[in-house]
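Since the structure comes first, as structure tokens, the remarks are kept for the end.
Any read-out appearing in this document is the output of simple, stated calculations on the displayed coordinates, not a laboratory observation. Every value quoted in this text rests on a predicted model; they were computed, and no experiment measured them. Every residue, glycine among them, receives a Cβ derived from its backbone with ideal geometry; neighbour counts consider all protein chains shown.
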Amino acid sequence: MDNKLMSPPNPITPQPDHTGRASRAANGAATKPGARATAQTPAQPADEIGLPGSPLDLAQQQAGTQTLLRGLAILEAAAAGVRDLRSFGAALGTTRSTTHRLVSSLVQARYLRQVQGGYLLGPKLIELGTIALEQMPLTAVARPHLQALADYSLDTIHLGVRDGDDVLYIDKIPGQRGLEMRSRVGHRMPLASTGIGKALMLDLAPDVWRKLHDASRRALAGVSFKPDHRPDLDTFLERMTGYAAGGYTFDLEENEASIRCVAAPVRDASGAIVAALSVASTIPYMSLERMDELVPIVQREARAISEELGWRAPQPAARRIKR
């Protein structure tokens, strides 16, 4: 085998003369058809992100990031109640011209809308928010929190939504105590007879509580309760008033003999109750004392799900100091 084929050719480096003809000749040779390039920059793979090649590139990248963050800050300020250019500029620390340019761009892109009193959040955010909710189903958001509650309590965990006068179970994690309940995903029960159903009712008016109590009685008229722990209307309304004040509900064997549960509501970004979760077990594992202990635990997981859906706890009103 010819060794010359195994060895790369020695590069020839042209020596410049006083007129620079050698350099120009070398550069020109690389552009002629068939000429061998002595040094080429490797092409960047299409799936790699190029890094700034100069201080100018880096400065432009940083300027773009700053513009993006300022735009997001304007949207957050608008959500917090800021309405006019001067207030936007004060919140961002930008000049009037820069603030005007940013706000105008957001209006043009429909992230803001201009009204008589200034600027409000625009329809584009509603579109994106709707898509975000569609991409984040309730059961997927809730499941880690349901599992955390199941691991802590060892009891059966339910997630349900309202469907007319009923609660529809959309997720369930069986307990770890060897007990099985008749509930299942897709199962429906009257709202007023279950803890999770009553949690879905907390924001309703007493007149609606009364109607749902009657609907529950009719739906379960043929069901035998031994012993019968279903409350009469006055007791039911009294309990619901206390539950609404506390933000939780109990099921005291009102739906299934020897079964008790603690439930709490789940809210969306508007503050409306959109679901509820509960932890349930039999009386030996669910004494009244333990139910009271579980209330803040269940509420904590319900709040965590609510926050992922966009809900924020109401902030206490600022106290004015008299001078």
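Remarks
- The slack between T67 and A109, meaning 0.36 nm per residue of separation minus the straight C-alpha distance, is 13.7 nm.
- FRET efficiency for the V208 to V185 pair, using the beta carbon distance and R₀ = 22 Å, is estimated at 0.25.
- Within region 62-128: Cβ-based charge dipole about Cα centre, in debye rounded to nearest 20 (Lys, Arg +1; Asp, Glu -1): 160
- Note on D151 and Q116: their simple-model spin labels are 5.6 nm apart, each label 7 Å out from Cα toward Cβ.
- Annotation: extensible slack from E127 through Y285 equals 52.2 nm (criterion: 0.36 nm per residue apart, minus Cα-Cα distance).
- Whole-Å distance, taken between Cα centres, linking region 229-302 and region 111-130: 39
- Kirkwood's formula applied to the C-alpha pairs of region 175-245 gives a hydrodynamic radius of 13.4 angstrom.
- With Cα atoms as the point set, the radius of gyration and Dmax of region 85-167 evaluate to 21.4, 60 Å.
- Calculated Rg and Dmax of region 137-308 using C-alpha coordinates, Å: 14.6, 42
- When the chymotrypsin sites (Phe, Trp or Tyr not before Pro) in region 211-253 are filtered for DSSP coil states and for at most 15 other beta-carbon atoms within 10 Å of their beta-carbon, the remaining sites are F225.
- Annotation for A91 and D292: the two label points, set 7 Å from Cα along the Cα-Cβ direction, are 4.5 nm apart.
- Between the beta carbons of A79 and E134, assuming R0 = 25 Å, the FRET efficiency works out to 0.75 to the nearest 0.05.
- P(r) weight above 18 Å for region 236-290, C-alpha pairs, percent: 40
- For region 62-128, the orientation-averaged shadow of the C-alpha convex hull comes to 4.3 nm² (one quarter of the hull surface).
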